[in-house]
Amino acid sequence: MARIPLLQMSGISLTFGGNPVFSELDLVVQPGDRVALVGRNGSGKSTLMKVMAGLVEADQGDIVVPPGKSVGYMEQDPGMEGFATLGDYASSGLEPGELYKVERAGEGLKFDPDRAVETASGGERRRAALAKLMAEAPDLMLLDEPTNHLDIEAIAWVERELGATRAAYVLISHDRAFLRALTRATLWIDRGMVRRQEQGFEAFETWRDKVWDEEDQQRHKLNRLIKSEAKWAVEGISARRKRNQGRVRALQALRAEKAAQIKRQGSAAMTLDAGPKSGRKVIEAKGLSKSFDAQQIVRNFDLLVQRGDRVAFVGPNGVGKTTLLKMLLGQEQPDEGSVTLGTNLEVAVFDQTRAQLDPEMSLWDSLTGDPEMRVSGKADQVMVGGQPKHVVGYLKEFLFEEAQARAAVKSLSGGEKARLLLAKLMAKPSNLLVLDEPTNDLDVETLDLLQELLDDYDGTVLLVSHDRDFLDRVATTTIAMEGNGRATVYAGGWSDYIAQRGEVAEKKVEKSKLSKPKVKQESQTKSGLSFSEKHRLEKLPAEIARLEAEIGKLEDLMSDPELFTREPVKFQKATEALVERQEKLAAAEEEWLTLEEKAEGA
């Protein structure tokens, strides 16, 4: 029996500012679909999602959602007028008995439902919008950059929730690891055309490169044919004017076909000027300790950063990553300890809040008004790497159109603002780059280019990011900030940190097993634990290992993309079992930590 689509779009066409965004688009989303929606910044991904959600009306075409089916959309900038708190907004539309769903989502996404809407940051509003969508659980979820402003723990929570849901969803995200983990099909928007492949994001770049290679081959053949026909026309048309008008018209048609081809958007022409070399020792921190009120940021922290290092800082939002960065740069004083900066440092900072951009200024003025980029006596030029460049030409290197030069910064998308900030950053020589969440809103191609630039950069990089794939590709050292002043240095990127942390945990468990007789003898002197708590502490490592093994088996089972359609009952049971074991594992790990800390403190 054929499945009824959750959403069907037929003949959708849409034009903005005289330029077609889509033309005669047909699209179907089926129950159980897990779709990545990808494309360059400005290609129309968010617009298409708004059309799917019914928030933007197409010029022509039909959209059908079957009766009894629901479509939910997570807005990037949700309107919360009329709501006092984030919780009020997130729970609107729910029955009284369903309010627990918002509380649960709030815990996973780390937002405070009692936060007043008027004092909430943009990130807090987005998390509330995501919590609202997850709590409402529509049949089809449309998620536009759901991981922006989330820390890695919250991203992992969203991954688990979406991995276990039976709802269909379409995702826009710059987070490769997130897309690889969750998607089974890909929609690719490229120059007004929407293509679909029944494979997840893992296969996207191979598919994209194959399509572009075939396109280049066709363009090459067309150029050769035009050249051949044009030569014939020049050499013989006068003798065969009457007999070969059809061939002349065919040549004109070939030229028209070439003119109608839409040129692919290139990559931003970004370059990083490393400037003069710094000293070999860039930063040396010894015995750093810092607290704000009752929150301990770091305790007795040591770090040596040498020229060429790529140091990543990871940890939950609010744990103090930016504060530690400021201490290492000498912008914030520690309570204890010392920081020594190396010689000849030239620092450039990419700020995640985009505070260096005035939303009311034009792109032109944003660059020419920068004292470090201003060219004396030349109002239309900027200084880039010590050489003057026309401001429009420089903006074009970062994929801006000439018409955008006089537009206000506030009119830009998130990805465009990030590119403008990179344009300001890269115009100036530096040998120490500080990148605070640089990957937000950037498309895959620009992320690839940024990674390549950092690979070739002769200077040193300090990086804060929640993008696990980007961390793996860039970082040579990872500092994990886990709260309560704990900041641990690991070699490598995110995956290396996870592997090393797992080894440490295994060693702790193994040490516990080897020293059981001694622990039993000493436990009588630990008045902090009761007899039952001591017994429970000894049993928990084995229980945690068992739950992890069961979760691994269930995840392997559910990785089969056909399981949902082939055996829906089995899929549902596996989903419920996975959620149950994940919750038990989290509870067991929390219990083990609590008991271990209690025992050590006795």
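Taking amide H positions as placed in the peptide plane 1.01 Å from N, state which residues far from Phe111 in sequence (5 or more) or on other chains have amide H under 5 Å from it. Under 5 Å from the amide H of Phe111: no residue qualifies.
Counting beta carbons within 10 Å around each of Lys132, Lys210 and listing the fewest first gives the order Lys210, Lys132. Annotation: amide H-H contacts under 5 Å for Asp443 (H modelled 1.01 Å from N, sequence separation of 5 or more, or interchain): Asn41. In this calculation the C-beta distance from Asp216 to Phe16 is compared with R0 = 30 Å, giving a FRET efficiency of 0.60. Close amide H contacts of Phe313 (hydrogens built in the peptide plane, cut-off under 5 Å, sequence separation of 5 or more or a different chain): Leu463, Val464, Ser465, Ile479. Relative contact order of region 269-403: 23 percent, from C-alpha pairs under 8 Å at least 6 residues apart in sequence.
Between region 416-463 and region 16-75, the alpha-carbon centres lie 31 Å apart.
The GluC sites (Glu not before Pro) of region 74-141 meeting both criteria, a DSSP state outside H, G, I, E and B (loop) and at most 12 other C-beta atoms within 10 angstrom of the site's C-beta, are Glu81. Listing Val35, Val65 from fewest to most neighbouring C-beta atoms within 10 Å gives Val65, Val35. For region 281-497, the relative contact order works out to 28 percent when only alpha carbon pairs closer than 8 Å and six or more residues apart are counted. The gain in end-to-end length when the Glu103 to Lys570 segment is fully stretched comes to 165.2 nm, 0.36 nm per residue minus the alpha carbon separation. Listed peptides 23-29, 181-187 appear in the order 181-187, 23-29 once ranked by packing, highest mean of other Cβ atoms within 10 Å at the front.
With R₀ set to 45 Å, the beta-carbon distance separating Ala542 from Ile4 gives a calculated FRET efficiency near 0.40.
Compared with the alpha-carbon gap, the fully stretched path from Asp62 to Lys396 is longer by 116.6 nm at 0.36 nm per residue. Which of the listed residues, Gln306, Thr439, Ser289, is farthest toward the dipole's positive end in region 281-497, when Lys, Arg count +1 and Asp, Glu count -1 at the beta-carbon? Checked the options; the winner is Ser289. The length gained by stretching the chain between Glu360 and Gln295 to full extension, at 0.36 nm per residue less their Cα-Cα distance, is 19.7 nm. Quick one: compute the contact order of region 7-206, relative version, from alpha carbon pairs under 8 angstrom and 6+ residues apart, as a percent. The normalised contact order for region 7-206 reaches 29 percent.
Label-to-label distance for Ala379 and Arg307 is 4.3 nm, based on points extended 7 Å past Cα in the beta-carbon direction. Quick check: the distance between the Cα centres of region 295-330 and region 81-151, to the nearest angstrom? Going from one Cα centre to the other spans 30 Å.
In plain terms, the residue of Arg307, Arg581 with the fewest other Cβ atoms within 10 Å comes first and the most crowded comes last, giving Arg307, Arg581.
All of the numbers you see were taken from the coordinates with simple rules; none came from a lab. Nothing here was measured: the structure is a model prediction, and the numbers come from that model. Here the Cβ is made from the backbone with ideal geometry for all residues, glycine too, and neighbour counts use every protein chain on show.
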